[in-house]
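Undergrad: I have a structure I would like to understand better, so I am pasting it below and will then ask my questions one at a time.
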């Protein structure tokens with residue numbers, strides 16, 4: 001994959017991820033800052049490193065699964081692996097300005 005193809009695929013992945021919302025918060029998981037890293041491998045496998053707002057998040061199973069499913073819908077993607085981490089722990093500082101505005105933090 002060349003840089004242009006990688007960039008285009010990354011944009012598709014971001015659009016897909018931005019359709020996943022935490023059921024308790026009206027902001028998508030990307031703007032919430034839950035996505036730490038997206039790695040696209042040469043064979044078009046994707047690894048996503050993400051967190052949740054807390055280890056006891058009621059949507060702990062559904063959010064990562066939704067992220068994986070949405071990315072898998074992109075025809076160019078082969079396999080998707082979503083890894084959950086709590087290091088570093090989630091804080092509202094990870095939110096985009098858009099999310100902070102939406103939630104009244106600014």
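Undergrad: Hey, any hits in segment 89-102 for a residue that's outside any loop (DSSP other than H, G, I, E, B), at pLDDT 95 or above and farther than 13 Å from residue 14 by Cα?
TA: no
Undergrad: A further question follows. Does segment 32-40 contain any residue that is under 11 Å from the mean Cα position of the chain (by Cα) and at positive phi?
TA: Just the residues of segment 32-40 that are under 11 Å from the mean Cα position of the chain (by Cα), to begin with: 32-38.
Those still in the list that are at positive phi too: 33.
Scanning segment 32-40, I find at least one residue that is under 11 Å from the mean Cα position of the chain (by Cα) and at positive phi, so the answer is yes.
Undergrad: Look through 76, 37, 72 and report the one residue that is exposed (fewer than 14 other Cβ atoms within 10 Å of the Cβ), touching a strand residue (DSSP E or B) at 6+ places or on another chain (Cβ under 8 Å) and closer than 28 Å to residue 2 by Cα. Quick ask: steps written out before the conclusion?
TA: Values: 76 fails: touching a strand residue (DSSP E or B) at 6+ places or on another chain (Cβ under 8 Å); 72 fails: exposed (fewer than 14 other Cβ atoms within 10 Å of the Cβ).
Just a single option satisfies the conditions, and that option is 37.
For (1) modelled with pLDDT of 95 or more; (2) more than 29 Å from residue 101 (Cα to Cα), each residue gets a yes or a no:
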position: 30; (1), (2): yes, no
position: 33; (1), (2): yes, no
position: 49; (1), (2): yes, no
position: 58; (1), (2): no, no
position: 61; (1), (2): no, no
position: 68; (1), (2): yes, no
position: 71; (1), (2): yes, no
position: 74; (1), (2): yes, yes
position: 81; (1), (2): yes, yes
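Undergrad: Looking at (1) outside any helix (DSSP H, G or I); (2) closer than 26 Å to residue 78 by Cβ; (3) at pLDDT below 95, which is the only condition residue 5 fails?
TA: Condition (1) is where residue 5 drops out.
Undergrad: Exactly one condition in (1) surrounded by 13 or more Cβ atoms within 10 Å (Cβ to Cβ); (2) out of contact with any strand residue (DSSP E or B) (no Cβ under 6 Å at 6 or more places or on another chain) is not met by residue 42; state its number.
TA: Just one mismatch for residue 42, condition (1).
The values are calculated or read from the model by the stated rules, or taken from the named source; none is laboratory data. Keep in mind that what you see is a predicted model, and the values were worked out from it rather than measured. Please note: Cβ atoms are built from the backbone with ideal geometry, for glycine as well, and neighbour counts cover all protein chains shown.
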